[in-house]
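The next block holds one structure in the form of structure tokens; read it before the comments.
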Amino acid sequence: MDHRGDSIALNDVLTDPDTRTDLQKQGPVHRATLPNGMPVWLVVGYDEAVAALNDDNLSTALATGGLDGGALSPDMRDALLKSLTNSDQPDHTRLRRLVSKAFTARRVEAMRPWISRLTDELIDGFAQHDQVDLMAEFAAPLPILVITELLGIPEADRPQVRAWSRTIISRLGMPDFPVRAATEFVEYLRDLIAQRRDDPDEGLISALIRARDENDALSANELTATIFLMIVAGHDTTLSLIGNGVYLLMQKPDRAAQLRADPSLLPAAIEEFLRLESPVPVANFRAAVNSFDIGGTRISAGDLVVISLQAANRNDSQFSDPSRFDLARTKGRHLAFGHGIHFCLGAPLARLEGELAIGTLLKRFPDLRLAVPAAELTWSQAPFIHRLDKLPLLLS
Ligand code: HEM
């Protein structure tokens with residue numbers, strides 16, 4: 001890659017709002033380094049992010065080496081990563097059509113009463129305490145229980161599945177990729193798929209196995225990679241949405257009061273949480289198929305490109321007073337779920353979980369507040385994760 005001058009560390013941009021704002025003032029595209037040492041181009045402009053997310057010159061399929069740092073064998077990499085998020089057209093179109101046949105709006109909506117009950121049950125587990133770490137006791141368990149139930153993963157296996165998926169996602173793009181956890185997880189999924197082939201149930205795994213398009217179906221590796229994607233995408237992101245949303249509300253008690261008084265504002269609040277503290281701070285890595293320009297910067301074939309959704313979502317070219325938490329914001333479209341062909345397939349489920357979780361929490365705890373000063377809270381350092389490590393709250 002033709003890098004001249006200094007390169008910035010990706011994490012500085014993700015974790016430090018001042019660095020991000022400074023960079024945006026200097027231009028839409030910069031050189032940066034991943035935590036695993038790989039050099040990348042970092043896109044921080046809004047228009048440039050939209051253009052890059054839509055550009056056929058950028059391939060997610062060619063960029064998977066950046067995710068595991070080259071640690072996985074080709075077969076293991078396919079079994080873990082060959083899903084729709086890491087495919088380009090026309091493969092992507094085929095995969096997305098097949099997965100959409102199984103993961104339907106009806107299937108998600110049918111989960112509503114169950115998610116609502118689960119939310120109350122999780123809250124019952126700590127409601128009598130003075131204090132709770134919301135991340136550990138609520139924001140984390142809810143989405144993993146929802147996605148594993150949706151997929152039909154046996155209850156006894158869920159803690160292990162959660163441990164594997166968290167180990168893997170926290171190391172994507174980082175040094176020391178956990179090859180053992182990835183291999184064990186793929187082997188587990190292969191066994192489970194074999195069981196569901198023999199004995200189908202009502203869950204999403206069986207529906208994915210059944211999904212047919214003329215004579216086409218998901219291959220063995222496409223199935224494992226899609227299930228892995230659903231678990232990771234369905235769990236680690238929604239957990240951050242719930243934590244980041246409650247964190248924002250705890251700093252703005254007047255907004256929390258507004259939401260308690262008028263829950264119909266919740267959908268607008270969820271969009272502001274997604275925009276202001278985007279759970280997925282950067283889009284999936286992309287590699288340049290050809291040489292081309294982004295925002296006046298020449299990208300060479302083979303270069304890796306990282307698109308900062310978080311920076312785009314706080315860009316004042318698109319959002320007036322972008323740091324303001326504004327429930328009446330009508331202008332500007334956030335990119336927290338991406339844009340274009342890879343737009344998040346799980347957005348309706350994430351919004352449903354976010355609304356039920358945060359709405360119920362506000363209703364059940366009228367005096368909810370931070371148990372420590374906000375300055376003492378720490379944020380995750382992994383490139384694909386934007387959330388607090390812990391969120392201690394006083395319940396009454
Ligand atoms: C707040 C929660 C969520 C956020 C912020 C989020 C964010 C994103 C983003 C930014 C992308 C696009 C990545 C890119 O273009 O590089 C994406 C794709 C995707 N998400 Fe989500 N997601 C969330 C929840 C979910 C859930 C609950 C599921 C499903 C169970 C899910 C499934 C997917 C899938 C399958 C894709 C790939 C789509 C494709 O490549 O065509 N996501 N998500």
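The values are calculated or read from the model by the stated rules, or taken from the named source; none is laboratory data. Only a predicted model underlies this, so the values are computations on that prediction, with no experimental measurement involved. As a convention, Cβ positions derive from the backbone with ideal geometry for all residues, glycine included, and neighbour counts pool all protein chains shown. These area figures cover heavy atoms from the full protein model, side chains too; ligands, DNA and RNA do not enter into them. Shrake-Rupley method; radii C 1.70, N 1.55, O 1.52, S 1.80 Å.
So, counting K/R as plus one and D/E as minus one, what does the shell of residues with Cβ under 13 Å around residue 36 add up to? Residues close to residue 36 contribute a combined charge of -1.
Under 8 Å for C-alpha pairs, at least 6 residues apart: give me the relative contact order for the chain, rounded to a whole percent. It would help to have the intermediate numbers written out before the result.
Numbers: 625 pairs, mean separation 105.9, N = 396.
In percent, rounded to a whole number, it is 27.
Once the GluC sites (Glu not before Pro) in DSSP loops with at most 14 neighbouring Cβ atoms within 10 Å are cut out of the chain, the longest remaining piece is 1-201.
Computed from the C-beta positions of residue 344 and residue 179, the FRET efficiency with R₀ = 22 Å rounds to 0.20. In this structure, the amide hydrogen of residue 379, modeled 1.01 Å from its nitrogen in the peptide plane, lies closer than 5 angstrom to those of 389, counting only residues at least 5 positions away or on a different chain. Rounded to the nearest 10 square angstrom, residue 124 shows an accessible area of 90 square angstrom against a 1.4 Å probe. With every protein chain in place and a 1.4 angstrom probe, the accessible-area ranking of 188, 46, largest first, reads 188, 46.
Placing +1 on the Cβ of every Lys and Arg and -1 on the Cβ of every Asp and Glu, with nothing else charged, gives the stretch 98-157 a dipole about its Cα centre of roughly 580 debye.
When the helices in the chain are scored as -39500 (n - 2.57) per DSSP H run of 4 or longer and the sum is shared across all residues, what 222 nm value do you end up with, to the nearest 500 deg cm²/dmol? Working shown, then result.
Numbers: 17 runs with 192 residues, N = 396.
Computed mean residue ellipticity for the chain: -15000 deg cm²/dmol.
As a fraction of the 1.4 Å probe accessible area of the stretch 8-394, surface on carbon and sulfur atoms comes out at 50 percent. For the peptides 166-177, 299-310, residues were scored by their other Cβ atoms within 10 Å and the scores averaged per peptide; the highest-first order is 299-310, 166-177. Rolling a 1.4 Å probe over the heavy atoms of the protein chains gives the stretch 352-396 an accessible area of 42 Å² per residue. Less than 5 angstrom separates the built amide H of residue 305 from those of 41, 286, 287, 288, all sequence-distant by 5 or more or on a different chain.
Model label points for residue 128 and residue 220, set 7 angstrom from Cα along the Cα-to-Cβ axis, are 5.1 nm apart.
Let me cross-check residue 368: its accessible surface, 1.4 Å probe, with only protein heavy atoms counted, in Å² to the nearest 10? Result for residue 368: roughly 20 Å² accessible. For the stretch 73-79, 3J(HN,Hα) computed residue by residue from phi via the Karplus equation (6.51, -1.76, 1.60; θ = phi - 60°) reads 5, x, 5, 5, 5, 5, 5 Hz, glycine and proline entered as x.
If you take the charge dipole of the stretch 8-394 about its Cα centre, with +1 on Lys and Arg Cβ and -1 on Asp and Glu Cβ, which of 238, 268, 218 is farthest toward its positive end? My answer, from the dipole projection, is 268.
Across the alpha-carbon set of the chain, the Rg to Rh ratio works out to 0.95, Rh being the Kirkwood radius.
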